[in-house]
Amino acid sequence: MTETGTAEPWSAARVADILVSAERTRQPRTSLQAEWPDLDLDVAYAAQDIALADRRARGEVVTGVKLGLTSRAKQQQMGVDEPSVAWLTDAMALPAGLAVPREKLIHPRAEPEIAFVLGRRLEGPGVTAAQALSAVDHVVGALEIIDSRYSGFKFTLADAVADNNSSGVYLTGPVSRRVEELNLALEACLLEVDGHVVDTATGAAVLGHPAEALAFAANTLAARGHALEAGWIVLTGGMTDAVPVYPGARVAAHFTSLGSISVSGG
């Protein structure tokens, strides 16, 4: 897809086209909702799905979902009271040992997350946190490198949803644990940049418990006619604020029970 002319009427397809073009050209832009006030969450999710179809046409495979705005602090900052859901594909998984692919990103930022890998299909509506956890095969730590298509990471909730929750790349840690081996609300993480601790948090920062984020994802997708599939990974949202990843920097996340993950800024 390529960005269309300004005379074209606004639609979910046009929003998707603009954002896909911004990602491909690495040219950030200003808020779409500022230009089109009728950009609401329904339209934004439709745009997200259209962009996913474009990824699939390029050979990418859906491998899971990612949540955004799962911390109460970020919700208050954005003036919203619920998180959002976006897609993950195989092209977003960064193999261990590789640097952040700066040539593909605009202004990457890193945030540590607790991630679930599903052992069975999880379908809403009405999924509770306990039911969601029963579908989990194992838990891993993750480091997500987000990348907004908006200048300065300035956007509304609808803007962010249309932009697939600022998706970039992510990597997971070498340690996996069963749910029953962990206290997920108390699982702590230190975020380091070049050996200096810049933030700390526990799993409770994610909606009080990461399982709440998993349940939210299942129920939100159900309203759109989707389910979480066996084998998918679910990134439950940033435990801390995201930090910029500068060239040459080394970013690391150290979890209590889920090991450590590090990546070079490239």
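The values are calculated or read from the model by the stated rules, or taken from the named source; none is laboratory data. The shown structure was predicted, so the numbers you read here are calculated from the model rather than taken from an experiment. Cβ coordinates were reconstructed from backbone atoms using ideal geometry, including for glycine residues, and neighbour counts include every protein chain displayed.
Find the residue count for segment 166-187, including only residues that are in a strand (DSSP E or B), hydrophobic (A, V, I, L, M, F, W, C) and crowded, with 16+ Cβ neighbours inside 10 Å. It would help to see each step written out before you state the result.
Our first condition is that a residue be in a strand (DSSP E or B); within segment 166-187, this holds for 169-177.
Within this subset, residues satisfying the condition of being hydrophobic (A, V, I, L, M, F, W, C) are 169, 171, 175.
Subsequent filtering for residues that are crowded, with 16+ Cβ neighbours inside 10 Å retains 169, 171.
Number of matching residues: 2.
Got at least one residue in segment 59-70 being out of contact with any strand residue (DSSP E or B) (no Cβ under 8 Å at 6 or more places or on another chain), closer than 22 Å to L235 by Cβ, buried (at least 20 other Cβ atoms within 10 Å of the Cβ) and modelled with pLDDT under 95? Looking for residues that are out of contact with any strand residue (DSSP E or B) (no Cβ under 8 Å at 6 or more places or on another chain), closer than 22 Å to L235 by Cβ, buried (at least 20 other Cβ atoms within 10 Å of the Cβ) and modelled with pLDDT under 95, one finds at least one in segment 59-70, hence yes.
On inspection, G119 does not qualify as free of Cβ contacts under 8 Å to residues at least 40 places away in the same chain and not aliphatic (A, V, I, L, M). Exactly one residue out of D194, D163 is modelled with pLDDT of 95 or more, closer than 30 Å to P28 by Cα, buried (at least 20 other Cβ atoms within 10 Å of the Cβ) and among the charged types (D, E, K, R): that is D163.
Name the residues in segment 220-266 that are outside any loop (DSSP other than H, G, I, E, B), more than 17 Å from A110 (Cβ to Cβ) and either without any contact (Cβ under 8 Å) to a residue 40 or more places away in the chain or within 17 Å of the chain's Cα centre (by Cα) (or both), would you? Within segment 220-266, T220, L221, L228, I233, V234 meet the criteria.
Looking at E60, E8, E82, which is the one that is out of contact with any Leu (no Cβ under 7 Å at 6 or more places or on another chain), over 29 Å from G203 (Cα atoms), touching a residue at least 24 places away in the same chain (Cβ under 8 Å) and assigned to a loop (DSSP other than H, G, I, E, B)? Let's see the steps before the verdict.
Numbers: E8 fails: touching a residue at least 24 places away in the same chain (Cβ under 8 Å); E82 fails: over 29 Å from G203 (Cα atoms).
None of the others qualify; the one that does is E60.
Candidates are the residues of segment 89-129 that are of a type in the set (V, I, T) and assigned to a loop (DSSP other than H, G, I, E, B); the one that is surrounded by the most Cβ atoms within 10 Å (Cβ to Cβ) is V100.
Here is a yes/no grid of residues against (1) at pLDDT 95 or above; (2) in contact with a helix residue (DSSP H, G or I) (Cβ under 8 Å, 6 or more places away or on another chain); (3) hydrophobic (A, V, I, L, M, F, W, C):
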residue	(1), (2), (3)
V80	no, yes, yes
L88	yes, no, yes
R102	yes, no, no
L105	yes, no, yes
A110	yes, no, yes
I114	yes, yes, yes
R120	yes, no, no
E144	yes, no, no
G152	no, no, no
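Can you tell which of A53, A86 is of a type in the set (G, A, S) and crowded, with 18+ Cβ neighbours inside 10 Å? Can you show your working first?
On the way: A53 fails: crowded, with 18+ Cβ neighbours inside 10 Å.
Matching residue, one of A53, A86: A86.
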